[in-house]
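Novice: Please see the structure below; I have some questions.
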Amino acid sequence: MKKILITGALGQIGSELSVEFSRRYGADNVVVSDVNSEGAKLAPGNAYEVLDVTDAAALEAIVKRHNVDTIVHLAAILSAKGEQNPDLAWKINIDGLLNVMRISMSMKLDRLMVPSSIAVFGPTSVLYDSPQETILKPNTMYGVTKVIGELLADYYYKKSGLDMRGIRYPGVISYRTLPGGGTTDYAVEIFYEALRSGRYTCPLSSDACLPMIYMPDTVRATAELLEADPDAIKVHGGYNVGAMSFTPAQIAAEIKKYIPSFEIEYAPDFRREIARYWPASVDDSAARAQWGWKEEWNLENMTRDMLVNVAAKLGIDFKL
Ligand code: NAD
Ligand code: AKB
């Protein structure tokens, strides 16, 4: 793991992962890429490449030019955006993924990390403490592409020995970069609206309990899994990783502790139907046993940190 390429690096996770990876491994060893050409300004310390992952020749040229031996493949279309444009979700999440996998194998890269998601679960899955191994028949195009990604990771690991790694990320909460069109985005938006207007209209139902994770735990989990001893890794598609689980009503109550006048109302839309068949919690004992996963953030300390940092970002005078 000497030279890491991150695809989709300007998104919610990539924009923070590239900073943490540069700190851990040196900015010279992290190549940042995204389809968006504005990126060079956002990642001044790293080599920046404009890369559309559906362009296999461009990807191969970048891997060669920078002597890349590890790829963290983040470019994707998320659940809500994917339901609005399933063909696009397939193109980016499957055609793009196959390019990354094929080039990783043909160029004999050391390691490839492809995130999965809690979206792999569906109506026939066990939705409380969802097991690592269970029925995966999702009812969104995003979920379908994530299950295919996990199956391909297993397949190519067995066929070619490519060291594939993945995490079924829960909904990621952060304040630096806004989320990119998922069902769990509400858990970020709620902080902005609580601070800006004191009111939030939630697109999920009040009791939609979902697993979530704060960004510092997300980037640490990703680095720890990537660094883990290959002999310890028994799951190549996507590890369940849990940190906290809450409903919109519970996060609203937590915010109300610090903004007593905060009001939430519910106007569920198509995202309610997506959330309905995602787990309330996951069984992440495999990740804990095999590479030492342990969360540091829960609903209480994440809420305090988000309020302080979102307020600072918005220039709002706020004290806990
Ligand atoms: P995001 O939507 O914030 O960012 C995705 C990035 O991919 C964007 O910067 C976009 O410009 C880029 N992109 C889109 N099409 C591209 C293309 N053709 N070529 C190159 N780049 C392209 O997503 P994210 O939240 O950072 O998610 C990263 C990964 O983690 C994805 O695989 C996603 O499925 C997974 N994940 C995220 C969450 C979450 O809550 N954020 C949860 C579970 C899984
Ligand atoms: C989404 O809501 O689509 C993502 C995810 C959980 O994969 N945040």
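Novice: Restricted to the range 164-191, and to residues that are among the charged types (D, E, K, R) and part of a loop (DSSP other than H, G, I, E, B), which residue is surrounded by the fewest Cβ atoms within 10 Å (Cβ to Cβ)?
Specialist: At the first step, the residues of the range 164-191 found to be among the charged types (D, E, K, R) are 165, 168, 176, 185, 189.
From the residues that got through so far, the ones that are part of a loop (DSSP other than H, G, I, E, B) too are 176, 185.
Details: ARG176: 11, ASP185: 22.
Looking at residues that are among the charged types (D, E, K, R) and part of a loop (DSSP other than H, G, I, E, B), I get ARG176.
Novice: Next question. Can you name the condition, by its number, that ALA194 falls short on among (1) outside any loop (DSSP other than H, G, I, E, B); (2) outside the structural domain of ILE77 (by TED's automatic domain parsing); (3) within 13 Å of ligand 2 (Cβ to nearest atom)?
Specialist: Going through (1) outside any loop (DSSP other than H, G, I, E, B); (2) outside the structural domain of ILE77 (by TED's automatic domain parsing); (3) within 13 Å of ligand 2 (Cβ to nearest atom) one by one, ALA194 breaks only (3).
Novice: I'd like to check something: does the range 144-157 contain any residue that is in contact with a strand residue (DSSP E or B) (Cβ under 7 Å, 6 or more places away or on another chain), open to solvent by less than 60 Å² (accessible area, probe 1.4 Å) and of a type in the set (A, V, I, L, M)? Can you show your working first?
Specialist: So in the range 144-157, the residues in contact with a strand residue (DSSP E or B) (Cβ under 7 Å, 6 or more places away or on another chain) come out as 146, 149-150, 153, 156-157.
With open to solvent by less than 60 Å² (accessible area, probe 1.4 Å) added as a condition, the list becomes 146, 149-150, 153, 156.
Subsequent filtering for residues that are of a type in the set (A, V, I, L, M) retains 153.
Within the range 144-157, one or more residues are in contact with a strand residue (DSSP E or B) (Cβ under 7 Å, 6 or more places away or on another chain), open to solvent by less than 60 Å² (accessible area, probe 1.4 Å) and of a type in the set (A, V, I, L, M).
Novice: So which residues in the range 122-133 are within 15 Å of ASP284 (Cα to Cα) and open to solvent by less than 10 Å² (accessible area, probe 1.4 Å), if there are any at all?
Specialist: Of everything in the range 122-133, just one residue is within 15 Å of ASP284 (Cα to Cα) and open to solvent by less than 10 Å² (accessible area, probe 1.4 Å), namely SER130.
Novice: Please go through the range 280-294 and pick out each residue that is touching a Gly at 6+ places or on another chain (Cβ under 9 Å) and open to solvent by less than 50 Å² (accessible area, probe 1.4 Å).
Specialist: Answer for the range 280-294, where residues must be touching a Gly at 6+ places or on another chain (Cβ under 9 Å) and open to solvent by less than 50 Å² (accessible area, probe 1.4 Å): SER281, VAL282, ASP284, ALA287, TRP293.
Novice: Can you pull out the residues in the range 74-121 that are assigned to a helix (DSSP H, G or I), in contact with a Gly (Cβ under 7 Å, 6 or more places away or on another chain) and open to solvent by 40 Å² or more (accessible area, probe 1.4 Å)?
Specialist: LYS81
Novice: Are there any pairs, at least 6 apart or on different chains, whose C-beta atoms fall under 8 Å, with the first in the range 222-238 and touching a residue at least 60 places away in the same chain (Cβ under 8 Å) and the second open to solvent by 60 Å² or more (accessible area, probe 1.4 Å) and among the aliphatic types (A, V, I, L, M), and if so, which?
Specialist: Filtered contacts from the range 222-238: LEU226/MET1; GLU227/MET1; GLY237/LEU151.
Novice: Exactly one condition in (1) touching a Gly at 6+ places or on another chain (Cβ under 7 Å); (2) touching a residue at least 24 places away in the same chain (Cβ under 8 Å); (3) not aromatic (Phe, Trp, Tyr) is not met by ALA27; state its number.
Specialist: Among (1) touching a Gly at 6+ places or on another chain (Cβ under 7 Å); (2) touching a residue at least 24 places away in the same chain (Cβ under 8 Å); (3) not aromatic (Phe, Trp, Tyr), the lone unmet condition for ALA27 is (2).
Novice: In the range 274-300, how many residues are without any contact (Cβ under 8 Å) to a residue 12 or more places away in the chain and part of a helix (DSSP H, G or I)? I'd like the intermediate steps shown before the answer.
Specialist: Pass one, the range 274-300, residues without any contact (Cβ under 8 Å) to a residue 12 or more places away in the chain: 288-289, 294.
Of the ones still in play, those that are also part of a helix (DSSP H, G or I) are 288-289.
Residues flagged as without any contact (Cβ under 8 Å) to a residue 12 or more places away in the chain and part of a helix (DSSP H, G or I) within the range 274-300 amount to 2.
Novice: Restricting to the range 256-279, and then to whatever is aliphatic (A, V, I, L, M) and touching a Ser or Thr at 6+ places or on another chain (Cβ under 6 Å), can you tell me which residue is most open to solvent (accessible area, probe 1.4 Å)?
Specialist: First, pick out the residues of the range 256-279 that are aliphatic (A, V, I, L, M): 259, 264, 267, 274-275.
With touching a Ser or Thr at 6+ places or on another chain (Cβ under 6 Å) added as a condition, the list becomes 267, 274-275.
Details: ALA267: 53, ILE274: 9, ALA275: 6 Å².
Per the criteria, the residue is ALA267.
Novice: Same structure again: Name the single residue, out of those in the range 243-273 being in a helix (DSSP H, G or I) and within 13 Å of PRO203 (Cα to Cα), that is farthest from the chain's Cα centre (by Cα).
Specialist: Filtering the range 243-273 down to residues in a helix (DSSP H, G or I) leaves 248-256, 270-273.
When the remaining residues are screened for being within 13 Å of PRO203 (Cα to Cα), the result is 248-249, 270-273.
Numbers: PRO248: 20, ALA249: 23, PHE270: 21, ARG271: 18, ARG272: 20, GLU273: 20 Å.
Only one residue fits best here, namely ALA249.
Here's the yes/no breakdown for (1) in a helix (DSSP H, G or I); (2) over 18 Å from the mean Cα position of the chain (by Cα):
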residue: PRO123; (1), (2): no, yes
residue: LEU127; (1), (2): no, yes
residue: GLN132; (1), (2): no, no
residue: PRO138; (1), (2): no, no
residue: GLY143; (1), (2): yes, no
residue: GLU150; (1), (2): yes, no
residue: ALA153; (1), (2): yes, no
residue: LYS158; (1), (2): yes, yes
residue: LEU162; (1), (2): no, yes
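Novice: Examine the range 275-297 for a residue that is closer than 21 Å to ARG176 by Cα, among the hydroxyl-bearing types (Ser, Thr, Tyr) and over 18 Å from the mean Cα position of the chain (by Cα), and state whether such a residue exists.
Specialist: Of all residues in the range 275-297, those closer than 21 Å to ARG176 by Cα come to 295-297.
If we keep only those that are among the hydroxyl-bearing types (Ser, Thr, Tyr) as well, we get none.
No, that holds for no residue.
Novice: Here are the criteria: (1) surrounded by fewer than 17 Cβ atoms within 10 Å (Cβ to Cβ); (2) at pLDDT 95 or above; (3) more than 13 Å from ligand 1 (Cβ to nearest atom). Tell me which single one GLY161 does not satisfy.
Specialist: (2)
Novice: Ok, one more. Of everything in the range 164-198, what is away from ligand 1 (no atom under 12 Å from the Cβ) and not aromatic (Phe, Trp, Tyr)? Give them in sequence order.
Specialist: Within the range 164-198, the first condition is being away from ligand 1 (no atom under 12 Å from the Cβ), and the residues that meet it are 164-165, 175, 189-198.
If the condition is that a residue be away from ligand 1 (no atom under 12 Å from the Cβ) and not aromatic (Phe, Trp, Tyr), then MET164, ARG165, GLU189, ILE190, GLU193, ALA194, LEU195, ARG196, SER197, GLY198 are the ones that fit.
Novice: Right, ALA312: open to solvent by 70 Å² or more (accessible area, probe 1.4 Å), part of a helix (DSSP H, G or I) and either of a type outside the set (S, T, N, Q) or not assigned by TED's automatic domain parsing to the domain that holds ILE251 (or both) or not? Walk me through it before giving the result.
Specialist: Numbers: open to solvent by 70 Å² or more (accessible area, probe 1.4 Å): yes; part of a helix (DSSP H, G or I): yes; either of a type outside the set (S, T, N, Q) or not assigned by TED's automatic domain parsing to the domain that holds ILE251 (or both): yes.
Yes.
Novice: How many residues are touching a helix residue (DSSP H, G or I) at 6+ places or on another chain (Cβ under 8 Å), more than 13 Å from ASN67 (Cα to Cα) and open to solvent by 20 Å² or more (accessible area, probe 1.4 Å) if we restrict to the range 1-11?
Specialist: Going through the range 1-11, the residues touching a helix residue (DSSP H, G or I) at 6+ places or on another chain (Cβ under 8 Å) turn out to be 1-10.
Add one more test, that the residue is more than 13 Å from ASN67 (Cα to Cα), and what stays is 6-10.
Those left that are additionally open to solvent by 20 Å² or more (accessible area, probe 1.4 Å): 10.
So the answer is 1.
The values are calculated or read from the model by the stated rules, or taken from the named source; none is laboratory data. As the structure is a prediction and not an experimental result, all values here were calculated from the model. No Cβ is skipped: glycine too gets one built from the backbone with ideal geometry, and neighbour counts run over all protein chains shown. For accessibility, only protein heavy atoms count, side chains too; no ligands or nucleic acids. Shrake-Rupley method; radii C 1.70, N 1.55, O 1.52, S 1.80 Å.
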